[in-house]
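K.L.:
Dropping the structure in here first, questions after.
The values are calculated or read from the model by the stated rules, or taken from the named source; none is laboratory data. In this text, all values refer to a predicted model and were calculated from it rather than measured experimentally. Here the Cβ is made from the backbone with ideal geometry for all residues, glycine too, and neighbour counts use every protein chain on show.
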Amino acid sequence: MANSVTIVGRLGQDPEIKYFESGSVKARFSVAVDRNYSKENRITDWFTIEVWGRKAEFVGEWIKKGALVSVTGQLEVNRYNDQAGNPKEWPYIKATDVSFVGSKRDNAAPMEVGASF
């Protein structure tokens, strides 16, 4: 069985970059994807994205709020218990590729269209 997800949407905020003592780097951001059923009935889905390592550094440097991106990765679920001991689940996409989509003007970033990390 395959676990592969590809979405295209716009960043909801600048990526949050976290550096760990181990030397690892993580970028986390959200992407808005519209489901257009009709002009009057549009639903926006928000996806949390995590990317690690050198790709995370590139994302933090070049991709900003509002950029139109394509994200490919795996759907993962973080399972934990809240403070009251209730089980919780938090789905996210662990990205293996993040690419600009559209024109430079659409993304307002100094990279070539179609550049990929």
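K.L.:
Among the strands (runs of 3 or more DSSP E) lying completely within the range 1-81, list those that include at least 2 residues that are farther than 19 Å from F100 by Cβ.
P.N.:
16-19, 25-36, 42-52, 68-81
One line per residue, one yes/no per condition, for (1) surrounded by 13 or more Cβ atoms within 10 Å (Cβ to Cβ); (2) among the small types (G, A, S); (3) over 24 Å from A2 (Cβ atoms):
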site	(1), (2), (3)
I17	yes, no, yes
E57	yes, no, yes
G60	yes, yes, yes
S70	yes, yes, no
N78	no, no, no
Q83	no, no, yes
I93	yes, no, no
S99	yes, yes, no
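K.L.:
Just one of (1) modelled with pLDDT of 90 or more; (2) touching a helix residue (DSSP H, G or I) at 6+ places or on another chain (Cβ under 7 Å) trips up A109, so point out which.
P.N.:
(1)
K.L.:
Within the range 18-27, does at least one residue satisfy the condition of being under 16 Å from V71 (Cβ atoms) and either at pLDDT 95 or above or among the β-branched types (V, I, T) (or both)?
P.N.:
Yes, that holds for at least one residue.
K.L.:
Still on this structure, please answer the following. Kindly indicate the residue of the range 28-55 that is surrounded by 10 or more Cβ atoms within 10 Å (Cβ to Cβ) and over 18 Å from E76 (Cβ atoms) and also modelled with the lowest pLDDT among those meeting that condition.
P.N.:
R42
K.L.:
For the range 1-17, which positions are modelled with pLDDT of 95 or more and either within 17 Å of N78 (Cβ to Cβ) or of a type in the set (K, R) (or both)?
P.N.:
V5, R10, E16
K.L.:
Does Q13 fit the bill of being in contact with a strand residue (DSSP E or B) (Cβ under 9 Å, 6 or more places away or on another chain) and surrounded by fewer than 17 Cβ atoms within 10 Å (Cβ to Cβ)?
P.N.:
Yes.
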